[in-house]
Structures are given as structure tokens and as C-alpha cells.
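Worksheet: the structure to be examined is printed underneath.
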Amino acid sequence: MTARATVPGARPAQAAAPLSPRRSGGPGWRRGTRLADLAGVGPPMALFALFIIVPMIAAIALSFVRWNGLGTPHWAGGSNWAQFFRDPVARTSVVVTAKVVVLSYVVQTPISLALGLFTAGRQRYRSVYATIFVLPLLMSTAGIALMWESLLDPNFGALSALSRSWHLAFLQQNWLGNPNLTLYVIVAIIAWQFIPFHTLLYAVGRRQIPAVLYEAATLDGASAAQMFWRVTLPQLRYTLVTSGILMIVGSLTYFDIIYILTDGGPGYTTRVLSLDMYNVAFLQDQYGYASVLAVILGMIGIAVALSLVRFTGFASMASQQEGAA
């Protein structure tokens, strides 16, 4: 055997210290990771259970009893659910709610997208416009409802005054009392209030698109329309999905603005499901049947949100900027 050569003055080699279970990924490390994960996830999950899961369970339980809010609840079995399928007002409320959801999405999405792309520009005047656009978002819903109620008053409102001053007969309408107009007026007022929020989403999303993509499209000779369809829209995919989920799920719970402006009228033309639930619970004292309406409204919202996430691929959140560097 030959002796291993050593360098004069060099320290003898030392064996590497064994890694601790925490550093080597052993059981101790895994247990510590699980505890850290639970410590991080525990508080939000507790809040979610307290404010979402528990009320949902309570609503489901109440849907099987008859209760006027004061006395002792009595078991009703499935009679409350059977009443829903026999109730023509409830069926009308579901149809009206569906109309509000569809119309809100159709009206708000293109306008919000257009305004978002406009305000995303770096010019100073666009920032001024963006500030003006956001003003309705800063107002309370009750204030907005009362303001529009005054403006649309058929006798003393601003539109009525304009119709008389400028001889514009089409402005002389009973905007909140005409069964053929009221629902569309409500959708327009809701859009006026919430378009600024979605405009901000699209403006932020547009500013995050790498400029190199537009430079490459320009070098390839793409027109402005082609860059919009081939670059801007694909890059705003997840912004479109996020905005759509918030818009649709939010449309299911519109209540205060409709309650103040029309209280579901004229007739039942604007009686959405949330307003019907309120009337059944607090005006008719049928908390069991109102819980049925609440459960149905919650199920519709969850189904719509999960469907959008599932069929748009939003859950994967894959990068949209591959190759941009």
C-alpha cells in the first residue's frame, strides 16, 4: 500500500458531520413543516368555518323547520322545499335573478375592458379620466340609489326637466314604474356603480403585459386589432376570469339598490331571489322557508363560481409570459 501524500502545514481531513433529521429531510423536519403549515393555515380556516361553514349549516338546518323567529322551531321535514317548487313568486325571482346576472355581465364586461385599456395608458390625461371613473365606486349604494331615484322621478327629476326644456319626449318616462323598462334601468344603474372596479382590474392587468410582446407584434406587421386579439386578450385571460367571477357571483346578491329603488316592483319584475328571501323572512316571518331560498341562492353561487374556475382553467394559474424574457 502506498502512503497518501500530504501537503506540509495542511490540517488532516475531517469527516463531514452527519446532517440532522431537520436538515436531511427526515421525520423531524416533516413534522416541523406540517406544524408550520397548520399554524399558517389554521387561523384563516377557523375564520372561514366561523363565518361561512357554520352559517351555511345553520341555514340548511333551518330549512327543515317552521319558525317565526320568536317561538320554538317545529320540524317540517321537506315541506319548505316542496313549497319552493309550488311558489310562483320564487320561480319568478329565480328567473329575474338570472336575467340580472346575464345582463350585468354582458353590459359591464365590454365597457370595463374598454375603459381599463384606455386608462392603462401612461398619458397624464388618462390618469385624470381614471380618477373620474372611480368616483361612483367611492359612493355608498344607498346614496347612489337615492340619487338615481331623484334623477329619474317622472315629475320632478332631472330627465323630466330635460325633456320639457329640450323637447326630448323620449326622456319623459316612468323609468322605475314601467314593467318593460325598470329591470334594464336597474341593470344600468348597477353597471354605473361597479364598472369602475372592473376597470381598475383591467387597467392593472394591461400594465403588467410585457412591452416586448407588442414590440414583437409590431415588427411582424400586426395591426392594432390583431394585437388586441392575439396579444392583449390572451394576456388578460385570468383578469377576465377574475372579473367575471366577481361580477356574476356579486350579481346574485344584489339587494340594497333594488330594495331602495323599486322594492321588487312594479309587480315582481325586479324581485330578485335575495329580495324575495328578505321579504319572506322579515315581512312574512317564515324563517324556515326563507332559509330554503338562502340555501338555493348559495348553491347557485357556488356552482357558478366552481364552473367558471373549472372550465376556464383558472385554478392552474399557468404563466402567461413564457418566452417574454
Next item on the list: Kindly list the number of the only condition in (1) over 21 Å from Phe51 (Cα atoms); (2) part of a helix (DSSP H, G or I); (3) modelled with pLDDT of 90 or more that fails for Tyr238.
Entry: (3)
Note to self: Quick test for you: out of Leu181, Leu171, Leu162, pick the one residue that is more than 25 Å from Leu113 (Cα to Cα) and modelled with pLDDT of 90 or more.
What the structure shows: Leu181
Check: For the range 265-290, how many residues are part of a loop (DSSP other than H, G, I, E, B) and surrounded by fewer than 16 Cβ atoms within 10 Å (Cβ to Cβ)?
Finding: 4
Check: What pairs come up if the first residue lies in the range 156-180 and is under 22 Å from Tyr259 (Cα atoms), the second is polar (S, T, N, Q) and surrounded by 15 or more Cβ atoms within 10 Å (Cβ to Cβ), and their beta carbons are under 6 Å apart, counting only those six or more places apart or on different chains?
Finding: Leu176/Thr182; Leu176/Thr262; Pro179/Thr269
Margin query: Cβ-Cβ under 7 Å, sequence separation 6+ or interchain: first residue in the range 81-101 and in contact (Cβ under 8 Å) with a residue 24 or more places away in the chain, partner acidic (Asp, Glu) and outside any loop (DSSP other than H, G, I, E, B). Which pairs?
Written below: Val89/Asp276; Ala90/Asp276; Ser93/Asp276
Margin query: Tell me the residue from Ala217, Ala203, Ala191, Ala225 that is assigned to a helix (DSSP H, G or I), out of contact with any Pro (no Cβ under 9 Å at 6 or more places or on another chain), exposed (fewer than 15 other Cβ atoms within 10 Å of the Cβ) and small (Gly, Ala, Ser), please.
Written below: Ala225
Margin query: For a quick check of your reading: which helices (runs of 4 or more DSSP H) sit entirely within the range 1-89 and have at least 1 residues that are of a type in the set (Phe, Trp, Tyr), modelled with pLDDT of 65 or more and surrounded by 11 or more Cβ atoms within 10 Å (Cβ to Cβ)?
Written below: 27-48, 79-86
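The values are calculated or read from the model by the stated rules, or taken from the named source; none is laboratory data. Keep in mind that this is a model prediction, so the values were computed, not measured. No Cβ is skipped: glycine too gets one built from the backbone with ideal geometry, and neighbour counts run over all protein chains shown.
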